[in-house]
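S.K.: Sending over a structure as structure tokens; questions will come in a sec.
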Amino acid sequence: MILPRGEALLLPANPAFVWGTLGGAATAMIVQGQLAGPTVWLPDWLALVLAFWIVHQPRRIGVGVAFVAGLVIDVAYGSLLGQHALAYAVMGYGAVSLHRRVLWFDQRGQVLHVLPLFALTVGLQALVRWLAGDGAPPWAWLVSPLLTASAWPLATRALLAPQRRPPDPDETRPL
């Protein structure tokens, strides 16, 4: 099989790396929340990493993992229990339903496909807070999905890097 220029066969994803990146993203979100509070001027790192792994590894990471990750963030932030859990679970469902389509596109096309997922995530969080009596969110909340989606190419490069390493050459294997 001849691959197009610049394409390479990917090695299987290491489960420890997948779970480690999810834990690192959750830790980054918790530290970010402790230092500056939930801010709209930084990407939602956990939503980004969750969406990435749900798109690339849908059998390993799914809606249930997204829901539990949302509960962890809810507890860590002290926010309304279920706010992030609902938003991440719905985003996870959307990512699972789009995972085959997203992978056919280049980076710009992928960004355009995941942008509505991140916008839906922020919109659901704002809706839950509004229904709980917190009032309408500020207009600055529209920035967060754009920043998170714009970080998609960086996340793709960083999270697929361990899978792109060349396999050990061997005389008996053609790859």
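The values are calculated or read from the model by the stated rules, or taken from the named source; none is laboratory data. Treat the numbers as computed from the prediction; the structure is a model and nothing was measured. Glycine gets a Cβ as well: all are built from the backbone with ideal geometry, and neighbour counts include every protein chain shown. Remember, those area values only see protein heavy atoms, side chains included, never the ligands or the DNA or RNA. Shrake-Rupley method; radii C 1.70, N 1.55, O 1.52, S 1.80 Å.
S.K.: Output the relative contact order of the chain, whole-number percent, from Cα pairs under 8 angstrom with separation of 6+ residues.
M.R.: In percent, rounded to a whole number, it is 27.
S.K.: Hey, another quick one. About its Cα centre, what dipole magnitude does the chain give when the only charges are +1 on Lys and Arg Cβ and -1 on Asp and Glu Cβ, stated in debye to the nearest 20?
M.R.: So the magnitude is around 280 debye.
S.K.: Right, next: Might you tell me the accessible area per residue for the chain, computed with a 1.4 Å probe and given in Å²?
M.R.: With all protein chains present, the chain gives 59 Å² per residue.
S.K.: Subtracting the Cα-Cα distance from 0.36 nm times the residue separation, let me have the gained length for V68 to L142 in nm, one decimal.
M.R.: 24.1 nm
S.K.: Between Q107 and V75, what is the spin-label point distance in nm, taking each point 7 Å from the Cα along the Cα→C-beta axis?
M.R.: About 3.7 nm, to one decimal.
S.K.: Further, regarding this structure: Tilt of helix 83-102 relative to the longest C-alpha principal axis of the chain, in degrees (0 to 90, nearest 10)?
M.R.: Here the helix axis deviates by roughly 30 degrees.
S.K.: Only helical DSSP H runs with n ≥ 4 go in: add -39500 (n - 2.57) per run for the chain, normalise by residue count and round the 222 nm mean residue ellipticity to 500 deg cm²/dmol.
M.R.: Result for the chain: -22000 deg cm²/dmol, rounded to the nearest 500.
S.K.: Less than 15 Å from a label point 7 Å out along the Cα-to-Cβ axis of T156: which backbone N atoms in region 91-125 qualify, by residue?
M.R.: 99-116
S.K.: Label-point separation (nm) for W130 and W19, each offset 7 Å from Cα along Cα-to-Cβ?
M.R.: Spacing of the two 7 Å Cα→Cβ label points: 3.9 nm.
S.K.: Note down the net charge around A151, summing +1 for each Lys or Arg and -1 for each Asp or Glu among other residues with Cβ under 13 Å from its Cβ. Could you put the intermediate results ahead of the total?
M.R.: Details: positive: R157; negative: D44.
Summing Lys/Arg as +1 and Asp/Glu as -1 gives 0.
S.K.: If you roll a 1.4 angstrom probe over the protein chains with everything in place, what fraction of the accessible area of the chain belongs to carbon and sulfur, to the nearest %?
M.R.: Its accessible area is 67 percent carbon and sulfur atoms.
S.K.: Let me ask another. State, to one decimal in nm², a quarter of the convex hull surface area for the C-alpha atoms of region 123-162, i.e. the direction-averaged projected area. Can you show the working numbers first?
M.R.: Details: hull surface 14.1 nm².
For the Cα atoms of region 123-162, the hull's average projected area reads 3.5 nm².
S.K.: How would the chain be classified by its alpha-carbon gyration tensor: rounded, prolate or oblate, with rounded meaning a/c under 1.5 and the a/b versus b/c comparison settling the rest?
M.R.: Prolate.
S.K.: Using the alpha-carbon atoms, what tilt in degrees (0 to 90, nearest 10) does helix 45-56 show relative to the longest principal axis of the chain?
M.R.: Helix 45-56 and the main axis of the chain meet at about 40 degrees.
S.K.: HN-Hα J couplings of region 64-80 from phi, Karplus 6.51/-1.76/1.60, θ = phi - 60°, integer Hz, Gly and Pro as x?
M.R.: x, 5, 4, 5, 5, 4, x, 5, 4, 5, 4, 5, 5, 7, x, 8, 4
S.K.: Give the shape of region 28-89 as rounded, prolate or oblate, defined through the alpha-carbon gyration tensor: a ≥ b ≥ c are the square roots of its eigenvalues, a/c under 1.5 means rounded, and otherwise the shape is prolate if a/b is larger than b/c and oblate if not.
M.R.: Note, shape of region 28-89 comes out oblate.
S.K.: Angle between the Cα long axis of helix 15-36 and the longest principal axis of the chain, 0 to 90 degrees, nearest 10?
M.R.: Helix 15-36 sits roughly 30 degrees off the main axis of the chain.
S.K.: 7 Å from Cα along Cα→Cβ at both L9 and Q163: what's the point-to-point distance in nm?
M.R.: Inter-label distance under the simple model: 1.5 nm.
S.K.: Figure the gain on full extension for Q57 and H99 (residue separation times 0.36 nm, minus the Cα-Cα span) and round it to one decimal in nm. Mind showing how you got there, number by number?
M.R.: On the way: separation 42, 0.36 × 42 = 15.12 nm, distance 0.89 nm.
Separation in residues times 0.36 nm, less the Cα-Cα distance, equals 14.2 nm.
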